[in-house]
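The values are calculated or read from the model by the stated rules, or taken from the named source; none is laboratory data. Note that the coordinates shown come from a computational prediction; the quantities given were computed from them, not determined experimentally. Cβ coordinates were reconstructed from backbone atoms using ideal geometry, including for glycine residues, and neighbour counts include every protein chain displayed. We work out accessible area using only protein heavy atoms, side chains counted, and drop any ligands, DNA or RNA first. Shrake-Rupley method; radii C 1.70, N 1.55, O 1.52, S 1.80 Å.
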Amino acid sequence: MALIVKSAAASTVVGGLIGSAAPLLSQASSDKTAKYIRSKYWYGYGIDIDKCIGCGRCVNACKIENDVPPQPFYFRTWVERYVEYANGKLAVDSPNGARESFPELKNTKGIDKTFFVPKLCNHCETSPCTQVCPVGATYRTDDGVVLVDRKLCVGCRYCIQACPYGTRYFHPTLKIADKCTLCYHRITKGMEPACVYVCPTKTRIFGNLKDPDSPVSKFVRENAVQVLKPHIGTRPKCYYKNLDREVR
Amino acid sequence: MEKKDRNEKADYRHVYRIIMLAVGVIVVVATLRVVLTPKSFGKYGHYRADNMDEIMAQPTKYSSGSDTCEGCHDENYSEHEEGKHKGLKCETCHGPAAKHTDDPATAKNPVKPVKREHCGLCHGKKLTRPKNFPQIDLDTHNEGVPCVDCHNPHTPAL
């Protein structure tokens, strides 16, 4: 019994020592994009609730840009409509993620307030999804974007379960977990994410939080901003202006 | 009780075997770890650093800005810049155009949305929309007539 315990401990220590040496041994690596210096960036996102008209151009652009499956179960970003009635009732809907906007409300009596809330992956600083991945397939880059490695993901769906905001989905054909990448392929070339690009009302704001002149830095500085579910400690980087108490 | 013969050597072969087994397991596990771990794994953190480059290499479908369109479509562009839709990107209505701007001769042309439903996506009257946003009830306003018949989409105000 003692020997089994000892050999298990020994193999862990030795394995750990060899494992930690591996990165030092493999110096040849991913510095092909030497012009893009990750440490200069810390991406953030802003959403101005007052400006959203629920047109769904963002949802459409995202699905096209990133080849997101067209069915109404898979969204990297979507828009929700909140309807608060005077009698305390709350109705939230998001037909096909609002890709073709919304049908007009059937019951318009006794409505206290109604507004649209766009949502997407918050690219949390201390994200629960990266914490639970058993194979190291999902991670947060040094510039603040949470990504999924399609080659390493085994499709266990633990991250989909762990995300408190429901932003991840299981890709039906690739059989991996998928989610918003903040259009990493665009932002690292100086472009905006597709959703920000097409938004007609400047509801969605994007930028580098390390740059005080970027749109998102100005947005966070000039407005009283909130995040979704601040009490659970994920430290999301998607900041909402004028977020209502009923928004989960 | 029989006294043990002190000249009999103690047999520890069972101990040596299990130590060899443990060493064998350690060697196998350590070798597999080094061999099977992808090269760039662990470079920046507990992930495969090469993946970031793979993701960055994804082709873009929407272009980088409306100024790309201005190069060939300067008439529409200047109309657009003077009109109420000034803040909109061309691709918000016309769809992704990166392929078209790279190769206008052979790539599929971007769409020209003329249906009423398209304008209704933004301008259909909805209670939830901000009050100061221009909206129209499409059920009563010139039913059946394409919006573009009266409103130039690049400078829509009449």
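The residues of the stretch B:113-132 that are outside any helix (DSSP H, G or I) and surrounded by 13 or more Cβ atoms within 10 Å (Cβ to Cβ), listed by number, are B:PRO113, B:GLY124, B:LYS125, B:LYS126, B:LEU127, B:THR128, B:ARG129, B:PRO130.
Residues in the stretch A:120-171 that are within 14 Å of another protein chain (Cβ to nearest Cβ), of a type in the set (A, V, I, L, M) and within 20 Å of A:VAL68 (Cβ to Cβ): A:ALA137, A:VAL145, A:VAL146, A:LEU147, A:VAL148. Taking the stretch B:1-86 and the helices (runs of 4 or more DSSP H) fully enclosed by it, the elements with 1 or more residues that are among the aromatic types (Phe, Trp, Tyr) and under 29 Å from B:CYS119 (Cα atoms) are at B:74-82.
For the stretch A:100-126, a residue qualifies if it is under 20 Å from the mean Cα position of the chain (by Cα) and either among the β-branched types (Val, Ile, Thr) or surrounded by 21 or more Cβ atoms within 10 Å (Cβ to Cβ) (or both), and the qualifying residues are A:PHE116, A:VAL117, A:PRO118, A:LYS119, A:LEU120, A:CYS121, A:ASN122, A:HIS123, A:CYS124, A:THR126.
Residues are listed down the side, and each one gets a yes or a no for (1) open to solvent by 10 Å² or more (accessible area, probe 1.4 Å); (2) free of Cβ contacts under 8 Å to residues at least 12 places away in the same chain; (3) on the phi > 0 side of the Ramachandran plot; (4) outside any loop (DSSP other than H, G, I, E, B):
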| site | (1), (2), (3), (4) |
| --- | --- |
| A:HIS185 | no, yes, no, yes |
| A:MET191 | yes, yes, no, no |
| A:LYS202 | yes, no, yes, no |
| A:ILE205 | yes, no, no, yes |
| A:PRO212 | yes, yes, no, no |
| A:LYS218 | yes, yes, no, yes |
| A:ARG221 | yes, yes, no, yes |
| A:LEU228 | no, no, no, no |
| A:ARG235 | yes, no, yes, no |
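Where residues in the stretch A:50-99 are within 12 Å of chain B (Cβ to nearest Cβ) and basic (Lys, Arg), which of them is surrounded by the most Cβ atoms within 10 Å (Cβ to Cβ)? This residue is A:ARG57.
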